[in-house]
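Chemist: The structure is given below, and queries will be raised subsequently.
The values are calculated or read from the model by the stated rules, or taken from the named source; none is laboratory data. Everything numeric in this text was worked out from a predicted model, so none of it was measured. In this analysis, Cβ positions are derived from the backbone assuming ideal geometry, glycine residues included, and neighbour counts consider all displayed protein chains. Accessible surface is based on the protein model in full, side chains and every heavy atom, while ligands, DNA and RNA are left aside. Shrake-Rupley method; radii C 1.70, N 1.55, O 1.52, S 1.80 Å.
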Amino acid sequence: MQEHVYLTTEEATAYLRLKERKLYELVAHGAVPCTKVSGKWLFPRAALDRWLEAGLAHPEGLQSASPPPIVGGSQDSLLEIAVRESGCGHALLAEGSQAGLDRLLRNEVAIAAIHLHATPDDDAANVVAIRASVALHDAVVIAFARREQGLLVQAGNPLGLEGIASAIAKRARFARRQQGAGAQLLLTSLIARAEIPLSAMVAADSVSATGQDLALAIRTGRADCGIASRAIATAFGLDFLPLVWEHVDLVMRRRTYFEPGPQKLLAWMRGEAMVTRARELSGYDLAASGAVRLNR
């Protein structure tokens with residue numbers, strides 16, 4: 001069971017130590033993270049872990065110290081520029097969406113950048129995950145940008161890949177991200193939707209910590225393809241096969257939102273510099289940037 005990214009109903013009941021009837025009751029009330037593929041319920045194991053951890057009891061009245069000025073979570077090219085040029089004074093710690101959320105819960109980062117995937121076209125996945133977290137009862141979710149994610153392939157697309165199914169059929173070597181990274185969640189979700197066994201995918205030897213690492217693996221020939229943003233493909237001179245547009249959101253505690261650093265970052269996001277930089281990078285939609293998607 002531990003090897004499965006998505007659990008079946010039977011596996012989820014065993015993992016959560018619940019009766020099947022109780023699990024279906026939670027599903028009916030939208031209280032447990034899940035998705036439906038070909039008429040069957042699947043339960044993302046990483047999301048179940050977050051759901052369980054969110055319910056941990058804490059001593060009443062315990063107040064956490066202010067977190068360090070760090071933006072953790074997903075790596076994003078435009079976000080790196082925003083943090084640097086806004087003068088917000090925050091450092092970056094790009095480890096993937098899941099790791100960012102885990103650190104936010106442990107008060108180890110001030111902001112987590114996330115792009116989660118319940119299904120490939122689920123625009124609400126980020127908001128749903130935060131709303132389901134009891135521990136993030138005071139969370140604010142700010143839209144950073146929508147970005148285009150796709151399959152990166154070597155320049156000229158020498159293998160003639162057309163998408164995920166084509167790459168698997170042609171035994172292309174996939175560069176992988178770490179478990180819990182948004183790009184890896186997207187890849188497994190797309191494979192599940194295509195009803196292709198995950199075991200059919202040929203994985204490259206090593207795991208890429210960031211999108212840039214993944215692109216470098218493809219450019220140097222250590223892998224044939226992998227999931228990342230159009231901006232990354234452009235920066236590394238790789239071909240890009242578009243797959244989906246996704247939300248990259250910033251999650252923080254309400255008290256963090258009002259602090260000077262985050263306010264500087266948000267002010268930069270509302271300015272013309274954000275538009276100019278996004279245009280230079282390519283693959284971004286800023287229509288909702290800066291909007292509050294959730295205020296608990």
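Chemist: For T234, indicate whether it is in contact (Cβ under 8 Å) with a residue 24 or more places away in the chain, open to solvent by 60 Å² or more (accessible area, probe 1.4 Å), assigned to a helix (DSSP H, G or I) and out of contact with any Phe, Trp or Tyr (no Cβ under 6 Å at 6 or more places or on another chain). Talk me through it step by step, then tell me what you get.
Modeler: On the way: in contact (Cβ under 8 Å) with a residue 24 or more places away in the chain: yes; open to solvent by 60 Å² or more (accessible area, probe 1.4 Å): yes; assigned to a helix (DSSP H, G or I): yes; out of contact with any Phe, Trp or Tyr (no Cβ under 6 Å at 6 or more places or on another chain): yes.
Judged against the criteria, T234 is a match.
Chemist: Follow-up question, since we're still on this one. Could you tell me whether segment 138-152 includes any residue that is more than 20 Å from the chain's Cα centre (by Cα) and open to solvent by 50 Å² or more (accessible area, probe 1.4 Å)? Don't jump to the end; show me each part of the working.
Modeler: Quick first cut of segment 138-152, residues more than 20 Å from the chain's Cα centre (by Cα) only: 138.
Those left that are additionally open to solvent by 50 Å² or more (accessible area, probe 1.4 Å): none.
No: zero hits.
Chemist: From the list A273, A228, exactly one residue is open to solvent by less than 10 Å² (accessible area, probe 1.4 Å), touching a residue at least 40 places away in the same chain (Cβ under 8 Å) and touching a helix residue (DSSP H, G or I) at 6+ places or on another chain (Cβ under 8 Å). Which is it? Write out each step before concluding.
Modeler: Working: A273 fails: open to solvent by less than 10 Å² (accessible area, probe 1.4 Å).
Only one candidate qualifies: A228.
Chemist: For segment 240-266, which positions are part of a helix (DSSP H, G or I) and open to solvent by less than 30 Å² (accessible area, probe 1.4 Å)? Quick ask: steps written out before the conclusion?
Modeler: The initial filter retains those residues of segment 240-266 that are part of a helix (DSSP H, G or I), namely 254-257, 260-266.
Answer for segment 240-266, where residues must be part of a helix (DSSP H, G or I) and open to solvent by less than 30 Å² (accessible area, probe 1.4 Å): T256, G261, P262, L265, L266.
Chemist: Given the conditions (1) open to solvent by 60 Å² or more (accessible area, probe 1.4 Å); (2) over 26 Å from L48 (Cβ atoms); (3) touching a residue at least 40 places away in the same chain (Cβ under 8 Å), report the number of the one that A169 does not fulfil.
Modeler: (3)
Chemist: Across segment 1-15, which residue is farthest from F43 (Cα to Cα) among those that are modelled with pLDDT of 85 or more and hydrophobic (A, V, I, L, M, F, W, C)? Break it down into steps so the answer makes sense when it comes.
Modeler: Restricting attention to segment 1-15, the residues satisfying the condition of being modelled with pLDDT of 85 or more are 6-15.
Among the residues that remain, those that are also hydrophobic (A, V, I, L, M, F, W, C) are: 7, 12, 14.
Numbers: L7: 5, A12: 7, A14: 12 Å.
Going through the qualifying residues, I end up with A14.
Chemist: May I pose another question? Say whether the condition of being touching a residue at least 60 places away in the same chain (Cβ under 8 Å), in contact with a helix residue (DSSP H, G or I) (Cβ under 7 Å, 6 or more places away or on another chain), polar (S, T, N, Q) and open to solvent by less than 20 Å² (accessible area, probe 1.4 Å) is met by at least one residue in segment 201-223. I'd like the intermediate steps shown before the answer.
Modeler: In the first step, residues of segment 201-223 are kept if they are touching a residue at least 60 places away in the same chain (Cβ under 8 Å); the result is 209-212, 214-215, 218-219, 221.
Retained after the next criterion (residues that are in contact with a helix residue (DSSP H, G or I) (Cβ under 7 Å, 6 or more places away or on another chain)): 211-212, 215, 219.
Right, trim to polar (S, T, N, Q) and you get 212.
Those left that are additionally open to solvent by less than 20 Å² (accessible area, probe 1.4 Å): none.
Taking every residue of segment 201-223 in turn, none turns out to be touching a residue at least 60 places away in the same chain (Cβ under 8 Å), in contact with a helix residue (DSSP H, G or I) (Cβ under 7 Å, 6 or more places away or on another chain), polar (S, T, N, Q) and open to solvent by less than 20 Å² (accessible area, probe 1.4 Å).
Chemist: If G72 passes every condition in (1) under 22 Å from R293 (Cα atoms); (2) at pLDDT below 95 but one, which one does it miss?
Modeler: The single condition G72 does not satisfy is (2).
Chemist: Hey, A124 hits all of (1) within 20 Å of S189 (Cα to Cα); (2) in contact (Cβ under 8 Å) with a residue 12 or more places away in the chain; (3) of a type outside the set (D, E, K, R) but one; which does it fall short on?
Modeler: (2)
Chemist: Could you identify the single residue in L62, L18, L56 that is outside any helix (DSSP H, G or I), at pLDDT 90 or above and open to solvent by 20 Å² or more (accessible area, probe 1.4 Å)? Reasoning before the result, please.
Modeler: On the way: L62 fails: at pLDDT 90 or above; L56 fails: at pLDDT 90 or above.
Selected residue: L18, the only one of L62, L18, L56 that is outside any helix (DSSP H, G or I), at pLDDT 90 or above and open to solvent by 20 Å² or more (accessible area, probe 1.4 Å).
Chemist: Check segment 119-133 and report whether any residue there is buried (at least 19 other Cβ atoms within 10 Å of the Cβ) and among the polar types (S, T, N, Q).
Modeler: yes
Chemist: Same structure, new question: Which numbered condition trips up N107, out of (1) in contact with a Gly (Cβ under 8 Å, 6 or more places away or on another chain); (2) open to solvent by 10 Å² or more (accessible area, probe 1.4 Å); (3) closer than 29 Å to V71 by Cα?
Modeler: Unmet for N107, out of (1) in contact with a Gly (Cβ under 8 Å, 6 or more places away or on another chain); (2) open to solvent by 10 Å² or more (accessible area, probe 1.4 Å); (3) closer than 29 Å to V71 by Cα: (1).
Chemist: Please indicate, with yes or no, whether at least one residue in segment 149-156 is in contact with a strand residue (DSSP E or B) (Cβ under 8 Å, 6 or more places away or on another chain), of a type in the set (A, V, I, L, M, F, W, C) and either under 16 Å from C34 (Cβ atoms) or part of a helix (DSSP H, G or I) (or both).
Modeler: Within segment 149-156, not a single residue is in contact with a strand residue (DSSP E or B) (Cβ under 8 Å, 6 or more places away or on another chain), of a type in the set (A, V, I, L, M, F, W, C) and either under 16 Å from C34 (Cβ atoms) or part of a helix (DSSP H, G or I) (or both).
Chemist: While we're here: Please go through segment 14-43 and pick out each residue that is in contact with a strand residue (DSSP E or B) (Cβ under 9 Å, 6 or more places away or on another chain) and either in contact (Cβ under 8 Å) with a residue 60 or more places away in the chain or not aromatic (F, W, Y) (or both). Step through it out loud before you land on a result.
Modeler: If we filter segment 14-43 for residues that are in contact with a strand residue (DSSP E or B) (Cβ under 9 Å, 6 or more places away or on another chain), which is where we start, we get 14-16, 23-24, 27, 32-37, 41-43.
Scanning segment 14-43 gives A14, L16, L23, V27, V32, P33, C34, T35, K36, V37, L42.
Chemist: For segment 213-221, check the following and say yes or no: at least one residue is of a type in the set (V, I, T) and assigned to a loop (DSSP other than H, G, I, E, B). Spell out the reasoning first.
Modeler: Within segment 213-221, the subset of a type in the set (V, I, T) is 218, 220.
Next, only the ones that are assigned to a loop (DSSP other than H, G, I, E, B) stay: 220.
Taking every residue of segment 213-221 in turn, at least one turns out to be of a type in the set (V, I, T) and assigned to a loop (DSSP other than H, G, I, E, B).
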